[in-house]
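The values are calculated or read from the model by the stated rules, or taken from the named source; none is laboratory data. These numbers come from a predicted model, not from an experiment. Note that each Cβ is placed from the backbone with ideal geometry, even for glycine, and that neighbours are counted across all protein chains shown. Keep in mind that these areas ignore ligands, DNA and RNA; they rest on the heavy atoms of the full protein, side chains included. Shrake-Rupley method; radii C 1.70, N 1.55, O 1.52, S 1.80 Å.
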Amino acid sequence: MNVLIIGSGGREHAIAKAIRKSKKVTRVFVSPGNAGIEQVAKCVDIDFNSIYDVVEFLRINNIHFVIIGPEQYIANGLADELRLWHYVVFAPSQISAKLESSKIFAKQFMKENNIPTANYINFKNKELNKAVEYINNINGKIVLKVDGLAAGKGVIVTDDKDYAVQSLKDIFGGKFGSAGNNVVIEEFLEGEEASVLAICDGKNFVCLPPAQDYKRIGDNDTGPNTGGMGAYCPVSIVTSEVLDKIKNKIIIPTLEGMNASGHPYIGCLYVGLMIKDGEPKVVEYNCRFGDPETQAILSIFEGDLFELLHTAAVGEINFSAYNEKATMKKTACCVIVASKGYPEAFDTGYTINGLCDINTNDIIIYHSGTKNNMVDILTAGGRVLGVTGISKNIKFAAEKAYNNVSKIQFENIYYRTDIAQKEIKRLSNL
């Protein structure tokens, strides 16, 4: 079968590499792709503003299965449109995707379905004075969340009330466009973060290895939020007992709640969690594979990813397509190499050197923001590469990743130096 993957980042690179290993896959197309993806798949340009152009491309290339990566396409209802044309799509419907595209929808949904999460209150942009008054009465850290999609950058966590108020004014002033017309102010949750990705067919699901994402731009979780500066998996704080709680208290009620609303959830359900004393609470939902968690997770995935996703998409997930036992014997650490200045202003177009010097033994380089000018590989985004080390031990996986990160050079290169270090320290103390 021929497959189309939509997207251009490290997540799509990881999915393409894994999908093409299946004996059931003939060709993999990715649109628009990047310089790394074109080494494993056919990169093509498709106008996704025209469903007729998309369908015509699918028809000409005999493609019957589509995997949608970025959240914006899902939130805009592309999966729904393709299903109307009788294509099999791995992505939730537009309404199901409101779990990510509207923080207010997600919080109300969790409240109605008794899913553990932080207490909250939401304000409209015309309620600025009321929201400022509420902030000034908060004791402790303040959490602001833009209601709509903001590329992972719409969350502000601070204990500085003046900064919180100014951030709120910026949001209501249009910093995130219409996505910031409403804001959620919620309770700050103590604990440690983890991400669980569940492959769902509407009723049943398979959980992939739990991962931990590093959202802040700076070491020791300092600075503004980004789309993600690195990730590792599995995560030791997600024990079998904790995972059972995540399944029974969060994922199952989520699927049951969506079913009850008449909108079965088919696709990847990303659950961002805060775990304290073995009790998980939902920080956020995403309606697609996470980035960079996917790069770490699929680096150790054992099984047939195409079979897993395709059977989920048609509503009858094949549990045997995922070899959990073999997967959990390995660890992976993904370090994002970025452009200095990200997530704010940054420059691109710099030649990337050192890729030929990478030790390919248990190392995978996922391209996020790159392009090929027929001579060199150039930077083309805020997040440029995901250097991923694989080992039976997370310490060695991280060492492999950073040893190879040091070989990569381009102007204004930037990366965090502490990915997976908390996990390494935690395990060394056992």
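Observations, loosely collected:
- Of the residues in region 370-380, none is touching a Ser or Thr at 6+ places or on another chain (Cβ under 7 Å), open to solvent by less than 40 Å² (accessible area, probe 1.4 Å), within 21 Å of Ala16 (Cα to Cα) and outside any strand (DSSP E or B).
- Residue in region 307-314 that is modelled with pLDDT of 95 or more and closer than 30 Å to Ala380 by Cβ present: yes
- Qualifying residues in region 303-347 (those that are acidic (Asp, Glu), within 22 Å of the chain's Cα centre (by Cα) and open to solvent by 70 Å² or more (accessible area, probe 1.4 Å)) - the one nearest to Ala198 (Cα to Cα): Glu324
- Test: residue in region 291-299 that is charged (D, E, K, R) and out of contact with any Leu (no Cβ under 9 Å at 6 or more places or on another chain): yes
- Just so you know, in region 2-44 the residues that are out of contact with any helix residue (DSSP H, G or I) (no Cβ under 8 Å at 6 or more places or on another chain) and part of a loop (DSSP other than H, G, I, E, B) include one that is surrounded by the fewest Cβ atoms within 10 Å (Cβ to Cβ), and it is Lys23.
- In region 346-361, the residues that are part of a loop (DSSP other than H, G, I, E, B) reach residues that are open to solvent by 90 Å² or more (accessible area, probe 1.4 Å) with C-beta atoms within less than 7 angstrom, at least six apart or across chains, in these pairs: Phe346/Lys340; Tyr350/Glu411; Gly354/Gln409.
- Residue check for Ala231: hydrophobic (A, V, I, L, M, F, W, C), touching a helix residue (DSSP H, G or I) at 6+ places or on another chain (Cβ under 9 Å), more than 22 Å from Pro116 (Cα to Cα) and part of a strand (DSSP E or B): yes
- Qualifying positions in region 262-276 - touching a residue at least 24 places away in the same chain (Cβ under 8 Å) and open to solvent by 10 Å² or more (accessible area, probe 1.4 Å): His263, Pro264, Ile266, Met274, Ile275, Lys276
- Cβ-Cβ under 7 Å pairs, at least 6 apart or on other chains, region 13-29 side without any contact (Cβ under 8 Å) to a residue 60 or more places away in the chain, far side open to solvent by 10 Å² or more (accessible area, probe 1.4 Å) and β-branched (Val, Ile, Thr): Ala16/Val28; Ala16/Val40; Arg20/Val28; Arg20/Val40; Phe29/Val44
- Applying the condition of being of a type outside the set (Asp, Glu), free of Cβ contacts under 8 Å to residues at least 40 places away in the same chain and in a helix (DSSP H, G or I) to region 397-430 and asking which residue is farthest from Ala194 (Cα to Cα) yields Ser428.
- Residues of region 84-104 classified as touching a residue at least 40 places away in the same chain (Cβ under 8 Å) and in a loop (DSSP other than H, G, I, E, B), total: 7
- Hits in region 94-112 (condition: open to solvent by less than 50 Å² (accessible area, probe 1.4 Å) and not acidic (Asp, Glu)): Ser96, Ala97, Leu99, Ser101, Ser102, Lys103, Ile104, Ala106, Lys107, Phe109, Met110
- Checking Asn62 against (1) of a type outside the set (Gly, Ala, Ser); (2) surrounded by fewer than 17 Cβ atoms within 10 Å (Cβ to Cβ); (3) touching a residue at least 40 places away in the same chain (Cβ under 8 Å); (4) in contact with a helix residue (DSSP H, G or I) (Cβ under 8 Å, 6 or more places away or on another chain), the condition it does not meet: (4)
- Residue check: Tyr214 meets all listed conditions (1) within 23 Å of Asn119 (Cα to Cα); (2) in contact (Cβ under 8 Å) with a residue 60 or more places away in the chain but one, namely (1).
- Sole residue being out of contact with any Ser or Thr (no Cβ under 8 Å at 6 or more places or on another chain), under 30 Å from Asn125 (Cα atoms) and either in a helix (DSSP H, G or I) or at pLDDT 95 or above (or both), chosen from Tyr73, Tyr52: Tyr73
- Number of positions in region 159-188 that are open to solvent by 20 Å² or more (accessible area, probe 1.4 Å) and either under 19 Å from Glu284 (Cβ atoms) or of a type in the set (Lys, Arg) (or both): 8
- Sole exception among (1) in a helix (DSSP H, G or I); (2) open to solvent by 10 Å² or more (accessible area, probe 1.4 Å); (3) touching a residue at least 40 places away in the same chain (Cβ under 8 Å); (4) touching a Phe, Trp or Tyr at 6+ places or on another chain (Cβ under 9 Å) for Lys153, by number: (1)
- Conditions (1) buried (at least 18 other Cβ atoms within 10 Å of the Cβ); (2) touching a Gly at 6+ places or on another chain (Cβ under 7 Å); (3) at negative phi; number of the one not met by Arg216: (1)
- Pick from region 383-408, criterion open to solvent by less than 10 Å² (accessible area, probe 1.4 Å), within 19 Å of the chain's Cα centre (by Cα) and not hydrophobic (A, V, I, L, M, F, W, C), ranking: nearest to Ala338 (Cα to Cα): Gly386
- Residue selection: Lys145 fails the criterion of being part of a loop (DSSP other than H, G, I, E, B) and either open to solvent by 70 Å² or more (accessible area, probe 1.4 Å) or not hydroxyl-bearing (Ser, Thr, Tyr) (or both).
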